[in-house]
């Protein structure tokens, strides 16, 4: 897939700030970090669906299921070769998995990225991309400065990211940061 559209949920203000603190810890340790991505779209989020095209922005009646409590768990690594993606896991719950499956059903059939399909999805929040394998230990140590405890969060909104036009559209729940 080249240009894609994705649907992502975003967090309440406290959880957003907690993830950004972890981004900052990695950057302060001179490691790759999402803190270095200064684009307007860069915000802690969980990707729910990715496909080449997604006509419209409807996600059915999912707004009434937000805010949804979620827990950001321990770090996970993705990838192969000389670098890894470092992320915070998101602990799956029945409510989260149901929301994810219902969002896919609402979007209809499409050419979904395999890692976002119900049953294949690993929910996570990216902390850093392209972490050299020989620096993964340093990255984990940098994150442990704050204790590495789970982060209680709320998914408060769902946004649509269109990579071709580089635009974000709020499609469900609250699109702004705020407390729940």
Fill in: Label-point gap, in nm, between residue 37 and residue 122 - each point 7 angstrom along Cα→Cβ
1.7 nm
Item to complete: Have a look at the range 22-180 and give its Rg and Dmax from the Cα atoms, expressed in angstrom.
Response: 16.2, 45
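In percent, how large is the relative contact order of the chain, given Cα pairs closer than 8 Å and 6 or more residues apart? Can you show the working numbers first?
Working: 351 pairs, mean separation 66.7, N = 180.
This gives 37 percent for the chain.
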Item to complete: Starting from the Cα-Cα distance between residue 78 and residue 146, subtract it from 0.36 nm times their residue separation and give me the gain in nm to one decimal.
Response: 22.2 nm
Discussion item. What distance in nm separates the two pseudo spin-label positions at residue 98 and residue 163, each 7 Å out from Cα along the beta-carbon direction?
Written reply: 3.2 nm
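Would you mind putting 158-166, 42-50, 75-83 in packing order, based on average other-beta-carbon counts within 10 Å, highest first? Before the final figure, lay out each step's value.
Details: 158-166: 16.8, 42-50: 21.1, 75-83: 12.7.
Top of the packing list down: 42-50, 158-166, 75-83.
Each value in this text was obtained by applying a stated rule to the coordinates, not by laboratory testing. Here the structure is a predicted model, which is why all the values come from computation and not from measurement. All Cβ positions, even for glycine, are placed from backbone atoms using ideal geometry, and neighbour counts span all protein chains on display.
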